[in-house]
Structure formats: C-alpha cells, structure tokens
Amino acid sequence: MGKNLPGYFGEFGGRYSPEILTEALEELESTYQKLKKSKKFKKELEYYLRNYVGRPSPLTYAERLTKQWGGARIWLKREDLNHTGAHKINNAIGQALIAKFMGKKRIIAETGAGQHGLATATVGAMFGMETVVYMGAVDVERQNLNAKKIEMLGAKILPVTAGEATLKEATSEAMRDWALNVSTTHYIVGSAIGPHPFPTIVRDFQAVIGTEARSQFKKQNKKLPSAIVACVGGGSNSIGMFHAFLKDKQVAIYGAEAGGLGPKPGEHSATLTYGKTGFLHGTKTLIIQDESGQIVPAHSVSAGLDYPGVGPEHAHLSKIGRVDYRMVTDEQALDSFLEVTRVEGIIPALETAHAFHVAREVAKDLGKKKDLIICLSGRGDKDVTEVLRLLGEKNK
Amino acid sequence: MSKIKSLFESGKFKSAFIPYFTLGDPNYNDSIEFGKTILDNGADILELGIPFSDPVADGPVIQRAVARSLKNRFSFDEIFRVTKAIHDHKPETPLVYLTYFNPIYHCGISKFLDRAKESGIIGLVIPDLPFDTDESETLFRELKARDMDLIHLVTPASEKKRIQALSKTSSGFIYYVTSFGVTGERREFSVDLQERIRFLKETIRLPICAGFGISTPDQANQISQYADGIIIGSAIQRVIEENGTDRSKAVSALADYISKIRAAIS
Ligand SMILES: Cc1ncc(COP(=O)(O)O)c(C=O)c1O
C-alpha cells in the first residue's frame, strides 16, 4: 500500500496495525467498496437514518446567539437531536449494517464521552448483536450516566485501567480484543481514526451532516455560508461537517480542538497545534508525543476530545491549510457551555462547547450579514454532573 | 548471508531458543544483569524490547512491564548503553530489538539504526509496521545496507498471496504468531500450527520461529519438533515481574526458567 493508493490523505493515513488484523481490514475494505455501490445497502442505511435516528436533523437559526455575539448570523446543525443525542449514531448504524452483512455476530467499540459507546450499544440492541464497549475507568466515572445507559441497553462495559485510563487506552484495548476475535467480531471504530479503511468509512457515514447542512442552508438562503465550525477530538463530527464544503473555496472552515489547561505537555489534547507526525492506533498522523516518540497523555475537560492523536484527514487538511484549527481551553469551553445553555435554551455537549467558543471569535471577525454554521455534535445531558462539579470547584 | 541466518545453518541447535524481555523493567541496570543471565543460560538469539507507551500487540504482562519501564525516564542513550553492555557480555549471541515503529521514526531511521548497530543489534521486529508500507521498504533498504535483518510477523490469518509478497522484504527469520490475539501465555495453540509452519518453510526460504503464548517446557518441546525456533516473552517477563524488586532473586529465577526451556528444546 503505497502513498498513492487509497487510505492516505496526503502523507497521512495508511495501515500501521498488527499483521493479525490485516485480513480483516482487507475484508472490511472490499465489503465496504461493494456495499457503497449497492442500492439495497444505501436504501437500508437511509431507512434507519430517517426512521430510527431521526434524520435529517434540523438546521436551526440561533437568533439569540446571533444578537448576543453581534456578528455573523449563527446557524446550528442539530446532531444533538439524533436518537442517543449525538452524531455518533450515524456511523454506528452504518458500521453495524456492514457487520451484519459480513455475518459478524459480535460488535465492539471504544468510547471516551460514552456517546459512541451508547450509539454502539443502541445499534447492538436493535440488531440483536452481542456488544462490548471499552471505556477508560476515569471516563466511566466522569461520564457515568452514559456508562449506565450502555449497560442498561444490554452491552457489556469493560473499564480499562491502564495508563491514563481514558480514550487512548480504551482504543488500544478494543484493538487487542479485535485481534483475538477477528473472525467473529467487527470493531466499530468511533472516530475518523485507525487503520485504513476506518478513517474513510467513518468520514463517509458522517458526511451526511455536512451534505444536509449545505443543502438546507442553500435552500433557505440561496447561497453558501461564509464559515463552518466543528469540534475535533478524533475528528468524526468535524470531518462529517467539513466534507461537503471542502471544495467550496469561499467557505472558511474552522476546527476547535481541546487546549485543556494550557500549553504544557500533558495538559491539553491540541494535536493539530502541538502534535508531530507519528504512528498510533494503526494510522500515520499528528500525535502529541515527547522527544523520544512516547505518546504524551492528553487532557481535556471533555472526555470525547481527550485523545493525543487525530484523524489523518485532519492532519492533511491542517498541513495544506484548508482548515483553520484553533485551541479552546477547558475554561473557555465551560463558559461557552453555560452561555449557549442560557441564551439559546440548548445544553450542548462539552465537546461541542469548544466549537461554540471558536464560532464566537469567527462570528465577530466575519461581521454582520455573513453566515456561520456550527455543528452541534451532541447534547450535554451527560455533562451536567461534571459541569456542576467543576463550577463548585471554581467557586470554592 | 545475514548473521542470524548463518547461525541457523550452523547446526549448533535443532531449534533456537529466543527469549524476550523489556529493557528498563524495573530499571536499566537490572536489565543488564537480566540480559547476561539469559545469555549465560541458553539463549540462541535475544530479543530486547524497547518500551513504547502504547503496545497494541501486547497482552497484560508485557503492558505492565512497559509501564514499569516507562516510570524510569525513557532515553535512547540508556537503551543503547544497556544493549551494549549485554552485547559485550557475549558478543557471539545475536541481539535483536522488538519495538513499535513510532519511537524509531521519531529518533530518525538512519540515526537509530547506526546507534543500534554500534550497540550490537543485528535485527528488528516491529509488530505495527506491515511490510507493504513505504516506511517498511525504506527500513528494509537501510537495514540491508548495514547488514541487519528485518524480521516480519506472519499470523494464522495471513493469506498465501501476502506471505509470498512479504518474503521479498524479510530476512533473518520469520516470526510466526502462533495464535490470534496479543502476546501472553496460553494453554492451547491452533490445531493447524504444524501445517502452517511447514507451509511457511516451503514458501519463505527463512527459518520459521514460533512465538506468542508459549510458556511451559512441554509446549516449547512440542513446538520445537517442527519450528526452527521458539520465542518466549510474557512468561519471562512474568518471572521478572514476580521477583523484579529483588535483583538476585530475579536473576536466579530467570536462570532456572531459561535453562529449563533450553533443555526442553535441545
Ligand atoms: C458530542 C460529541 N462531540 C464530539 C465528540 C468528539 O468526537 P469526534 O471528534 O470524533 O467527532 C464526541 C466524542 O465522544 C462527542 O460525544
């Protein structure tokens, strides 16, 4: 697989996973190629997206935020209104259908914020598949509501205690499970990361976000927006939002990554700002690492952004300058969380709150009569306890 | 011919014993003693693990070893110093590194290989660098220029076509992964192990050594009847884990275990 073959985005991407997984990845790739062209598969996917997920999700004009920020008109692409409350279900449904087609009876997933675990447990219940979710022990604590829901849906949560006990470790553990059970199991990777073909498959299933947003906006306004913004952890909601707009040169694109507590190593997850090229979880991408190539633990107030790598396509988009990636600190995210909740009556996920902070900066810069769409990747019910705890700490 | 390959052809043993342990667990100086002990008690080739923070191909025992090692500040200088000390103890035994690709890439391939070679390393095993990547091709070329080997992994799931393609850029020996999953001790092996190894011997003109899951003298004996070598990692690492805080206890436990395995596969 050379750099000119599919699976690379510029110099990033590829397949750098243990040999034991190669056959499964090749099977997945060829199955997906076939299904992508199959009318029956497309129809089935559309059926579930419409009748189970609740697509298309609305594009909401945020009148009060627009006034409050005093710049560009603000629009929200409402992935929070999907069944299970985030964009993750788009991909989970798609991959579960692939798994079903391949005859795999068991699905596994990694999860940080629990949204992908929840989405996978949900499709596992709906399709009657045995489901196992790997979740860092720290995340089981801070995203306890989701952990409980996952179990209630009949999936098994396996808490991972290694290392920082967050998303990176959960991902490693899911890969190990897959290596052991590769003939019976499909690993539903939850973000646009991992060895080829995962970054492409996840991107394709999430592309529905941007495709819908673009045509909804165009229909209502007879033009394209001036800018779009999304938050970037592994990068699935963002690449899904960006994909349909990449060729629209007049649309400025912004990604919001977790600046955490500050620029010190170990205190942020700002891969696109501080990462260097490397190899993690089967892909060549930007990674936060030390001078010896050891991965540095990531930090973010939002479990879903707490990952030291990023999808390879984002690494490429950053390198060629198509997307402007900016850092947002924990504190800025928390402020945006509260602001959006009070002003717009929508409790966003802490992950999404990062996107709102960048959107506010961009909206000001754009000025009036311009339009900006924010991907509202998920709702924040899961974060309420954690936010209250953080506010309590702040007020001490 | 590569040093490793000529060792296999020397007729010194019927089946090679290839132990593995992670450098720096519990500290770098103890690693030197562990390395010497393993060499003195019958390693034909020794695999030294360079710790990487995210070892996705490894099971819990080696994961814990890596975590303990990384509690010491990781440095390539320490890795090469320890390697050299082990090499100088018994220069005739080939040493190879097992590590993930990221640290090597980060160090810089040429710089890493030059220093590894100076320290006595003659081959590399990299579980997350498939042969069909540009990086693997570059690495193979750079290794060849230094008369060093690139040892590839083949698994029960590897298809014929892939095995044939892989034989072009592998040297030294083939690391045959005996079972699905990650490293760690196992009670049983796949039923077609013997047939797979025979097929590999016919397809790839290299010694075929079996690893992943082997721990007991009986298992080693059995598999050595048809494999050119036996690789043992987790079981050795467990001996270190159980005795590691007491260097002399660990050394004698290691000596005991290594000599038992060596005796079982002669
Ligand atoms: C609501 C929400 N947004 C964003 C993310 C980040 O993931 P990604 O970057 O893959 O979209 C998560 C992950 O859990 C999430 O739950």
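Taking the residues in segment A:269-279 that are away from the ligand (no atom under 15 Å from the Cβ) and either among the small types (Gly, Ala, Ser) or touching a residue at least 60 places away in the same chain (Cβ under 8 Å) (or both) as candidates, determine which candidate is surrounded by the most Cβ atoms within 10 Å (Cβ to Cβ). Filtering first and then ranking leaves A:PHE279. Scanning segment A:285-338 for residues that are in a helix (DSSP H, G or I), within 15 Å of the ligand (Cβ to nearest atom) and either within 14 Å of chain B (Cβ to nearest Cβ) or without any contact (Cβ under 8 Å) to a residue 40 or more places away in the chain (or both) gives A:PRO312, A:SER336. Among the listed residues B:THR245, B:THR183, which satisfies the condition of being surrounded by 16 or more Cβ atoms within 10 Å (Cβ to Cβ), among the β-branched types (Val, Ile, Thr) and assigned to a loop (DSSP other than H, G, I, E, B)? Of B:THR245, B:THR183, the one residue that is surrounded by 16 or more Cβ atoms within 10 Å (Cβ to Cβ), among the β-branched types (Val, Ile, Thr) and assigned to a loop (DSSP other than H, G, I, E, B) is B:THR183.
Specify which of the listed residues (B:ASP132, B:ASP147) is within 14 Å of chain A (Cβ to nearest Cβ) and either over 25 Å from B:ILE79 (Cα atoms) or in a loop (DSSP other than H, G, I, E, B) (or both).
B:ASP132
Screening B:ASP88 on (1) within 14 Å of another protein chain (Cβ to nearest Cβ); (2) modelled with pLDDT of 95 or more; (3) surrounded by fewer than 16 Cβ atoms within 10 Å (Cβ to Cβ) shows it passes everything except condition (1). Does at least one position in segment A:53-69 carry a residue that is within 27 Å of A:GLY117 (Cβ to Cβ) and among the small types (Gly, Ala, Ser)? Yes, that holds for at least one residue.
Any chance segment A:308-318 includes a residue that's in contact with a Gly (Cβ under 6 Å, 6 or more places away or on another chain) and of a type in the set (Asp, Glu)? Within segment A:308-318, none of the residues are in contact with a Gly (Cβ under 6 Å, 6 or more places away or on another chain) and of a type in the set (Asp, Glu).
For A:GLU79, the test of being touching a Ser or Thr at 6+ places or on another chain (Cβ under 9 Å), modelled with pLDDT of 95 or more and within 16 Å of the ligand (Cβ to nearest atom) is passed.
Scanning segment A:240-265 for residues that are within 21 Å of A:ASP306 (Cβ to Cβ) and away from the ligand (no atom under 13 Å from the Cβ) yields A:TYR254, A:GLY259, A:GLY260, A:LEU261, A:GLY262, A:PRO263, A:LYS264, A:PRO265.
So in segment B:60-85, with the set limited to residues that are charged (D, E, K, R) and in contact (Cβ under 8 Å) with a residue 60 or more places away in the chain, which one is nearest to the other protein chains (Cβ to nearest Cβ)? If you could, list the steps in order and put the result at the bottom.
Kept after step one, since they are charged (D, E, K, R), are these residues of segment B:60-85: B:64, B:68, B:71, B:73, B:77-78, B:81, B:84.
From what is left, the residues that are in contact (Cβ under 8 Å) with a residue 60 or more places away in the chain are B:64, B:68.
Numbers: B:ARG64: 8, B:ARG68: 12 Å.
Here the answer is B:ARG64.
With respect to the conditions (1) over 30 Å from A:ALA363 (Cα atoms); (2) within 13 Å of the ligand (Cβ to nearest atom), A:GLY210 falls short on a single one, namely (1).
Against the criterion of being among the charged types (D, E, K, R), touching a residue at least 60 places away in the same chain (Cβ under 8 Å) and within 14 Å of chain B (Cβ to nearest Cβ), A:GLU19 does not qualify.
In summary, helices (runs of 4 or more DSSP H) completely within segment A:167-248 and bearing 2 or more residues that are more than 27 Å from A:ASP330 (Cα to Cα) and either within 14 Å of another protein chain (Cβ to nearest Cβ) or not small (Gly, Ala, Ser) (or both) occur at A:167-181, A:198-206, A:208-221.
Got a sec? Which of B:PRO103, B:PRO156, B:PRO127 is in a loop (DSSP other than H, G, I, E, B), within 28 Å of B:HIS89 (Cβ to Cβ) and within 14 Å of chain A (Cβ to nearest Cβ)?
Values: B:PRO103 fails: in a loop (DSSP other than H, G, I, E, B); B:PRO156 fails: within 28 Å of B:HIS89 (Cβ to Cβ).
Within the list B:PRO103, B:PRO156, B:PRO127, the selection yields B:PRO127.
Selection of helices (runs of 4 or more DSSP H) fully inside segment A:12-125 by the criterion of at least 1 residues being out of contact with any Phe, Trp or Tyr (no Cβ under 8 Å at 6 or more places or on another chain) and within 18 Å of A:PRO199 (Cα to Cα) returns A:22-37, A:88-102.
Among residues that are away from every other protein chain (no Cβ under 14 Å), under 23 Å from the mean Cα position of the chain (by Cα), closer than 27 Å to A:PRO312 by Cα and free of Cβ contacts under 8 Å to residues at least 60 places away in the same chain, A:GLN33 is included.
Please state which one of A:LYS105, A:LYS100, A:LYS67 is closer than 20 Å to A:LEU25 by Cα, more than 16 Å from the ligand (Cβ to nearest atom) and out of contact with any Asp or Glu (no Cβ under 8 Å at 6 or more places or on another chain). Reasoning before the result, please.
Numbers: A:LYS105 fails: out of contact with any Asp or Glu (no Cβ under 8 Å at 6 or more places or on another chain); A:LYS67 fails: closer than 20 Å to A:LEU25 by Cα.
Step by step, each of A:LYS105, A:LYS100, A:LYS67 is checked, and only A:LYS100 is closer than 20 Å to A:LEU25 by Cα, more than 16 Å from the ligand (Cβ to nearest atom) and out of contact with any Asp or Glu (no Cβ under 8 Å at 6 or more places or on another chain).
Restricting segment A:344-395 to residues that are of a type in the set (S, T, N, Q) and within 14 Å of the ligand (Cβ to nearest atom), which is nearest to A:GLY70 (Cα to Cα)?
Here is the first cut: in segment A:344-395, the residues of a type in the set (S, T, N, Q) are A:352, A:377, A:385, A:395.
In the following step, the residues that additionally are within 14 Å of the ligand (Cβ to nearest atom) were identified as A:352, A:377.
Details: A:THR352: 21, A:SER377: 23 Å.
Here the answer is A:THR352.
Of all residues in segment B:70-90, those satisfying the criterion of being closer than 15 Å to B:PHE34 by Cβ and of a type outside the set (D, E, K, R) are B:ASN72, B:ILE79, B:VAL82, B:THR83, B:ALA85, B:ILE86, B:HIS87, B:HIS89. Would you confirm whether or not segment A:169-181 contains a residue that is modelled with pLDDT of 95 or more and within 13 Å of the ligand (Cβ to nearest atom)? Yes, the conditions are met somewhere in segment A:169-181.
Condition first: touching a His at 6+ places or on another chain (Cβ under 8 Å) and either of a type in the set (D, E, K, R) or within 21 Å of A:ALA230 (Cβ to Cβ) (or both). Now tell me which residues in segment A:256-270 satisfy that.
A:ALA256, A:GLU257, A:ALA258, A:GLY259, A:GLY260, A:GLU267, A:HIS268, A:SER269
When we screen A:GLY266, A:GLY262, A:GLY321, A:GLY293 for residues that are crowded, with 24+ Cβ neighbours inside 10 Å and not hydrophobic (A, V, I, L, M, F, W, C), the only hit is A:GLY293.
The values are calculated or read from the model by the stated rules, or taken from the named source; none is laboratory data. These numbers come from a predicted model, not from an experiment. Heads up, the Cβs are rebuilt from the backbone with ideal geometry, glycines too, and the neighbour counts pull from every protein chain shown.
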